[in-house]
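The values are calculated or read from the model by the stated rules, or taken from the named source; none is laboratory data. Quantities reported herein were computed from a predicted structural model and do not represent experimental measurements. Positions of Cβ are generated from backbone atoms using ideal geometry, with glycine treated the same way; all protein chains shown enter the neighbour counts.
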Amino acid sequence: MTELQASLDAIAARAASDEDRGRVADYIPELARVDPLRFGIAVALPSGAVLSAGDADVAFSIQSISKVFTLAIALGRLGDGLWRRVGREPSGQPFNSILQLETEHGIPRNPFINAGALVVTDAILAGHKPRDLLGEILDFVREAAGDEDIHINRAVAASEAEWGARNRALAEFMRSWGNLEHPVDLVIGTYVHQCAVEMTCRQLARAGLFLTGAEGTPALVSAQRIRRINALMMTCGHYDASGDFAYRVGLPGKSGVGGGILMVVPGRASIAVWSPGLDETGNSKLGSRALEELVAATGWSVLG
Ligand code: GLN
């Protein structure tokens, strides 16, 4: 435990002096206001202990990390029926690409690229008012984290809605193929709010504990689904850099353009890291580097 704390402190200290921090996302204007020098990391253990370093208590926009939680809800609600509408293959394309949608008849490659996440949100909107669904998503995340103090930043949601022409295009395109049941505005409105959930590294690390499958963690989905969500995080969690993340870090992870990454060490730990600067694939530059350092220090890997 003290060794792990020492590793986190060393990682945070190194990150603080790193000048190669990447670029903060600015296509959502509200996100561009975040201080690029922030860095936080937290490790939640099944015992309930949370170790952290740096800005681990500062809330940030989880953005695409929300796609893990909506996927868990969708699989619970629709089961394998979900896979009729979205695939489970890596796309090898940027997170907001429209390229494959045309040749693949409006069926997105996986639930973690934007098109796939929009289909997931559309699927769980069925029978719900958007406000109720957002309440359900928040309840899920709060229960997972064991923390009621998790909220949606409405300014971030409004900023993305205003500048979200690309996502609207993806949604319209899928609707033209019959793969979106609800009006585009409704789906986009819900999606930008789920992405605008804010959490600290400590909260997010705790919220990921259910994905470790470890005894004593919240039993929010079945063991089989936990394996499958982890498999998708491993193969698709970092868009066109998923293979590189798997090679360098070697564990299931999901990134967001807010600069956060949630990573699962099956059976052992849930980790959240945050540094707002992104690399050219839209993944946190210092975040993935920090995770690489953490697995080197701990020996954590898919080999157990
Ligand atoms: N809300 C963001 C978008 O749709 C999420 C993308 C991301 O985090 N990679 O563009």
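Annotations for the structure displayed:
- Given (1) in a helix (DSSP H, G or I); (2) touching a residue at least 24 places away in the same chain (Cβ under 8 Å); (3) of a type in the set (D, E, K, R); (4) away from the ligand (no atom under 16 Å from the Cβ), number of the condition ARG227 does not satisfy: (2)
- Scanning region 102-138 for residues that are among the hydrophobic types (A, V, I, L, M, F, W, C) and under 15 Å from LEU180 (Cα atoms) returns ILE107, ALA115, ALA117, LEU118, VAL119, VAL120, ALA123, ILE124, LEU125, ALA126.
- GLY256 buried (at least 19 other Cβ atoms within 10 Å of the Cβ) and touching a Phe, Trp or Tyr at 6+ places or on another chain (Cβ under 8 Å): no
- Restricting region 49-108 to residues that are in a loop (DSSP other than H, G, I, E, B) and free of Cβ contacts under 8 Å to residues at least 60 places away in the same chain, the residue that is nearest to the ligand (Cβ to nearest atom) is SER97.
- Among helices (runs of 4 or more DSSP H) entirely within region 117-211, having at least 3 residues that are within 12 Å of the ligand (Cβ to nearest atom) singles out 154-162, 165-176, 184-195.
- Close pairs from region 180-197: first closer than 19 Å to ALA25 by Cα, partner away from the ligand (no atom under 15 Å from the Cβ), Cβ under 8 Å, at least 6 apart: HIS193/PRO130; VAL197/LEU138; VAL197/VAL141; VAL197/ILE150; VAL197/HIS151
- Of all the criteria given as (1) assigned to a helix (DSSP H, G or I); (2) closer than 26 Å to GLY79 by Cβ; (3) touching a helix residue (DSSP H, G or I) at 6+ places or on another chain (Cβ under 6 Å), the one not satisfied by MET233 is (3).
- When each of VAL295, VAL264, VAL302 is tested for being part of a strand (DSSP E or B) and in contact (Cβ under 8 Å) with a residue 24 or more places away in the chain, the lone residue that passes is VAL264.
- Of all residues in region 161-181 being of a type outside the set (A, V, I, L, M) and buried (at least 19 other Cβ atoms within 10 Å of the Cβ), the one that is modelled with the lowest pLDDT: GLY164
- ARG248 vs. criteria over 28 Å from GLY79 (Cβ atoms), within 16 Å of the ligand (Cβ to nearest atom) and surrounded by fewer than 21 Cβ atoms within 10 Å (Cβ to Cβ): no
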